[in-house]
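Everything on this sheet refers to the single structure shown next.
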Amino acid sequence: MDLGISNRTAAVAAASAGLGFASAKALAQEGVRVAICSRDAARVNEAAAQIGNSCIAIVADVSTLQGGQDFVRKATAALGHIDILVANGGGPAPGNFATTAADAYITGLQQSLLSVVGMCTEVVPDMKSRGWGRIVAITSLSVRQPIANLILSNTARAGVTGFLKTLAREVAGDGITINTVQPGTHSTDRVRQLYGETVDGSALGIPTGVIGQPADFGSLVAFLCGESARYMTGTNIQVDGGAYSGLL
């Protein structure tokens with residue numbers, strides 16, 4: 001299926017591994033010129049080589065509002081403009097209410113909410129001026145169904161979902177779509193850090209019995225950036241093997 005985005009440009013944050021990497025690779029396979037970032041120069045350069053299609057490696061830390069802005073500015077300088085933004089970043093530290101200090105919420109909100117705000121403040125005005133844009137944020141299933149021992153992530157991801165839903169309605173008439181994708185348990189470094197090297201999907205209550213593959217997730221992100229998804233905006237899509245049990 002041709003998504004109609006060949007020769008578009010994309011900035012994919014935190015994409016040296018995991019779901020960010022898979023999203024960048026899926027876009028590159030559609031002919032999109034991609035810029036990715038990581039805090040580690042060696043890792044981001046290696047990832048860019050694996051992604052191909054002249055992927056651009058940028059060293060940037062997107063864990064703060066300013067860091068998110070800085071990455072987008074560097075990506076814009078490298079690509080000329082940005083048609084597609086995939087907002088992504090590492091999750092905050094684990095913990096529950098009893099073990100999480102009050103000031104840790106400031107760090108968590110910077111990392112998973114304000115960083116996305118920063119990226120959007122940089123890309124949206126130019127997208128509006130050109131009458132076309134796609135923003136896809138990688139959040140978490142915890143927005144719909146809070147995950148135990150991840151109180152910071154549960155809190156910040158819910159906040160960014162509210163921000164993006166509001167922004168999506170404001171710019172819908174400007175040719176810009178904004179959607180979030182809410183991953184459940186996927187085979188990533190983050191999941192292995194939380195649950196160990198061997199993750200049993202059935203033991204975690206996933207109806208499919210297996211955890212997700214990043215490449216499949218990346219394909220969905222690419223679809224949301226394509227022309228066929230032009231009428232989808234303000235949506236929050238869970239990709240979780242059926243783990244979410246709610247009706248809405």
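A short reminder: the numbers here are calculations on the coordinates, not readings from a lab. Keep in mind that this is a model prediction, so the values were computed, not measured. Here the Cβ positions follow ideal geometry from the backbone for every residue, glycine too, while neighbour counts run over all protein chains shown.
Fewest first, what order do 81, 186 take by the number of other Cβ atoms within 10 Å?
Working: 81 14, 186 20.
Least to most surrounded, the residues fall as 81, 186.
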The Kirkwood hydrodynamic radius of the chain, taken as the inverse of the mean 1/r over all distinct Cα pairs, in Å, comes to 17.9
Given unit charges at Cβ for Lys, Arg (+) and Asp, Glu (-), the dipole magnitude of the stretch 114-248 about its Cα centre in debye, nearest 20, is 300
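Could you estimate the translational diffusion coefficient of the stretch 132-248 from the Stokes-Einstein equation, with Rh from the Kirkwood formula over C-alpha pairs, at 10 °C and 1.306 mPa s, in whole µm²/s? Display every interim value, and only then the final one.
Values: Rh = 15.1 Å.
For these conditions, the coefficient is 105 µm²/s.
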Taking alpha-carbon centroids only, the stretch 135-156 lies from the stretch 56-120 a number of Å equal to 15
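Could you please report the charge total around residue 144, scoring K, R as +1 and D, E as -1 over all other residues with beta-carbon less than 15 angstrom from its beta-carbon? Write down the numbers at each step before the final one.
Working: positive: 157, 165; negative: 240.
In short, +1.
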Across all Cα atoms of the stretch 46-104, Rg and the largest Cα-Cα distance (Dmax), in Å, are 15.7, 47
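How big is the dipole moment of the chain about its Cα centre under a simple scheme where the beta carbon of each Lys and Arg is +1, that of each Asp and Glu is -1, and everything else is neutral? Debye, nearest 20, please.
On the way: 17 positive and 18 negative charges, 65 e Å.
The dipole magnitude comes to about 320 debye.
Taking chymotrypsin sites (Phe, Trp or Tyr not before Pro) that fall in a DSSP loop and have at most 11 other Cβ atoms within 10 Å as cut points, what is the longest piece of the chain between them?
Values: sites that count: 97, 231.
Longest stretch, sites excluded: 98-230.
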The stretch 1-132: Kirkwood hydrodynamic radius (Cα pairs, Å) comes out at 15.1
In nanometres, the difference between 0.36 nm per residue of separation and the alpha-carbon distance of residue 99 and residue 169 is 21.5 nm
Checked against the positive end of the charge dipole of the stretch 9-236 (+1 on Cβ of Lys and Arg, -1 on Cβ of Asp and Glu, about the Cα centre), the farthest of 98, 17, 114 is 114
Once the in-chain neighbours fewer than 8 apart are removed, the lysines whose Cα is under 19 Å from residue 128 read 165
